[in-house]
1. Among the residues of the range 34-41, is there at least one that is at pLDDT 90 or above and over 13 Å from the mean Cα position of the chain (by Cα)?
2. Can you name the residue in the range 8-54 that is of a type in the set (A, V, I, L, M) and in contact (Cβ under 8 Å) with a residue 40 or more places away in the chain and is also most open to solvent (accessible area, probe 1.4 Å) among such residues?
Amino acid sequence: MISIESLELTSFKILQVIAGKFPDKQIKQLLKENFDEATGDRALLLLIFARYIQ
């Protein structure tokens, strides 16, 4: 499951790099928001894993 979260973060980061080539700032903002949310989700998953699963 942690691998899936890492893959999601990597995907958003790659899309951010690609979006840097486009002039539309809304795309960049949306990808930044999604990356930030995915980062928070991964942090929460790691916290839950550390506290309850191990």
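1. no
2. Top of the filtered list is Leu46.
The values are calculated or read from the model by the stated rules, or taken from the named source; none is laboratory data. Note that the structure is a prediction, hence the values are computed from the model and not measured. Using ideal geometry, Cβ is built from the backbone for each residue, glycine included, and neighbour counts are taken over all protein chains shown. Side chains are part of the model used for accessible areas, which takes the heavy atoms of the whole protein and leaves out ligands, DNA and RNA. Shrake-Rupley method; radii C 1.70, N 1.55, O 1.52, S 1.80 Å.
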